[in-house]
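The values are calculated or read from the model by the stated rules, or taken from the named source; none is laboratory data. Keep in mind the model is a prediction, meaning the values are calculated, not measured. A quick note on method: Cβ atoms are made from the backbone with ideal geometry, for glycine too, and the neighbour counts reach across all protein chains shown. Just the protein is used for accessible areas: all its heavy atoms, side chains included, with ligands, DNA and RNA removed. Shrake-Rupley method; radii C 1.70, N 1.55, O 1.52, S 1.80 Å.
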Amino acid sequence: MNGVINVFKNTGMTSFDVVSKIRKLSKIKKVGHTGTLDPEASGVLPVCLGKATKIIDYIMSNEKTYEVTLKLGVVTDTYDLEGKVIREGDSSTLKEEEILSVINTFKGEIDQIPPMYSALKVNGKKLYELARQGIEVEREPRKITIYDIYDVDISNPFIVMKVRCSKGTYIRSLCYDIGEKLECGAVMTKLCRTENGPFKESNSINIEDLTEETIKENIITIEEALKAFPKVIVDSKFTKLLINGVKVGDSRLLKEKIPNNTIYRVYDDKLNFIGLGKKDELGFKIVTLLYE
């Protein structure tokens with residue numbers, strides 16, 4: 001069985017718990033999720049089975065949408081309710097327009113410092129392992145993009161909002177940074193991932209409803225899971241070369257002009273799906289072979 005299951009993870013379980021359950025039910029060894037959700041977060045978690053594990057990185061690169069609730073006036077060491085309170089502030093004098101104005105400053109490409117309680121590694125050690133030992137290390141800011149923050153509902157000290165963002169965004173850090181800019185502190189109290197590219201809450205299956213049968217009924221083909229990538233058709237006489245990893249520079253290969261360095265779903269002119277490919281100045285090559 002090769003494909004992707006769009007699972008809705010409930011709170012109180014880890015992403016690995018979801019993978020473990022699917023591995024057991026499907027009796028498939030190669031199973032992997034496409035981006036960790038913290039145990040206290042809920043939401044869509046696409047899980048890849050069999051040959052689909054080859055496309056995990058591509059699904060992880062999708063834009064994500066979250067619905068988040070934060071509380072002003074409290075800061076914890078984990079930036080969520082799982083941590084201990086390290087500071088409290090007063091948000092009572094803040095006006096709605098002021099809060100909204102600060103939230104909007106985070107739209108666009110920004111530098112974000114990952115939280116200490118995260119799985120990122122520094123010198124071979126996960127940050128959360130160091131944090132549990134009471135060790136705080138300097139973290140390099142990372143470029144992320146907040147495409148939009150919308151449906152903002154402010155009931156001071158609580159704010160509910162939707163965030164559409166790039167891969168690598170820590171919503172906990174976003175909440176913390178909003179609180180720091182408002183000079184009262186903030187903590188994330190609730191998080192739900194509602195979209196991961198084409199995988200949405202509306203077309204997900206709840207983890208509690210998974211059985212061997214429902215996995216088979218709801219599995220999404222690899223080709224369908226990659227539909228967000230543009231499609232390109234190549235001349236069938238070059239299929240064997242492409243499958244064997246050869247970069248083809250012959251101008252007769254492609255049926256249309258395409259830009260360099262963009263990932264495409266690749267089909268031959270008989271519409272057989274080959275995999276994902278990319279063109280550069282020297283030619284066109286399959287970067288992930290998915291040919292059956």
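For the reader, a short list of remarks on this structure follows.
- Filter result (under 22 Å from Asp148 (Cβ atoms) and not aromatic (Phe, Trp, Tyr)) within the stretch 72-86: Leu72
- Selected residue (only one of Glu140, Glu129 is in a helix (DSSP H, G or I) and under 30 Å from Tyr58 (Cα atoms)): Glu129
- Test: Val152 is in contact with a strand residue (DSSP E or B) (Cβ under 9 Å, 6 or more places away or on another chain), crowded, with 16+ Cβ neighbours inside 10 Å and modelled with pLDDT of 95 or more: no
- Filtered residues of the stretch 10-67 (kept if under 30 Å from Asp148 (Cβ atoms) and among the small types (Gly, Ala, Ser)): Gly12, Ser15, Gly32, Gly35, Ala41, Ser42, Gly43, Ala52, Ser61
- Some residue of the stretch 28-37 being at negative phi and among the hydroxyl-bearing types (Ser, Thr, Tyr): yes
- Within the stretch 20-33, considering residues that are under 19 Å from Asp209 (Cα atoms) and open to solvent by 30 Å² or more (accessible area, probe 1.4 Å), the one nearest to the chain's Cα centre (by Cα): His33
- Out of Thr36, Thr69, Thr65, sole residue that is out of contact with any Pro (no Cβ under 9 Å at 6 or more places or on another chain), touching a residue at least 60 places away in the same chain (Cβ under 8 Å), farther than 20 Å from Ile154 by Cβ and not aliphatic (A, V, I, L, M): Thr36
- Per the listing Ile135, Ile103, Ile144, Ile86, the residue uniquely under 28 Å from Phe158 (Cβ atoms), without any contact (Cβ under 8 Å) to a residue 12 or more places away in the chain and either surrounded by 15 or more Cβ atoms within 10 Å (Cβ to Cβ) or among the hydrophobic types (A, V, I, L, M, F, W, C) (or both) is Ile86.
- Residue count for the stretch 89-100, restricted to those that are in contact (Cβ under 8 Å) with a residue 12 or more places away in the chain and open to solvent by 20 Å² or more (accessible area, probe 1.4 Å): 7
- Residue check: Asp153 meets all listed conditions (1) in a strand (DSSP E or B); (2) touching a residue at least 40 places away in the same chain (Cβ under 8 Å) but one, namely (2).
- Neighbours by Cβ (under 7 Å, 6+ apart or cross-chain): first from the stretch 174-185, assigned by the TED database to the domain that holds Met161; second surrounded by 24 or more Cβ atoms within 10 Å (Cβ to Cβ) and modelled with pLDDT under 95: Cys175/Tyr79; Tyr176/Tyr79
- Residue count, the stretch 34-86 (criterion: within 20 Å of the chain's Cα centre (by Cα), at pLDDT below 95 and part of a strand (DSSP E or B)): 1
- Criterion violated by Val7 - all others in (1) in a strand (DSSP E or B); (2) among the aliphatic types (A, V, I, L, M); (3) closer than 20 Å to Thr288 by Cβ satisfied: (3)
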